[in-house]
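Structure record follows, encoded as structure tokens.
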Amino acid sequence: PVTTTAARLPQATASPSPRGAPPTPPRPAAAAASALYLQAAFDNIADDADELEFNAGDMIIVEAQDDSGWWTGRNVRTGRSGLFPRNYCHEAPVSPDGAMV
């Protein structure tokens, strides 16, 4: 028989503090970061398998940023993820629910 054990998730409890120090606040259960949305200003044709292809006007959700100028993101239209040149996009104003404003 196969048995499985559930992974324990860290609980949102306060950490012990050194003697005399104030208690540390509880860690958030799930910190929701605001997504950064970009809108493609130009078409990008992927040269390599790890690059993100998009058309001008496509919305890109940023997954990671890098000082090199090549960021990782997901094309909302196609659902694909990959590297893309940041300078091909501009910030897109969106509301907290992800709708364009």
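Some points to look at:
- The phi-based Karplus calculation (6.51 cos²θ - 1.76 cosθ + 1.60; θ = phi - 60°) puts the 3J(HN,Hα) values of region 50-63 at 8, 9, 8, 9, 8, 9, 3, x, 5, 8, 10, 8, 6, 9 Hz, whole numbers, x for Gly and Pro.
- Ordering 81-90, 57-66, 42-51 by mean Cβ neighbour count within 10 Å, with the highest value first, yields 81-90, 57-66, 42-51.
Rule-based calculations on the coordinates, nothing more; no lab input. As the structure is a prediction and not an experimental result, all values here were calculated from the model. Neighbour counts are summed over all protein chains in view; Cβ atoms, including those assigned to glycine, are modelled from backbone coordinates with ideal geometry.
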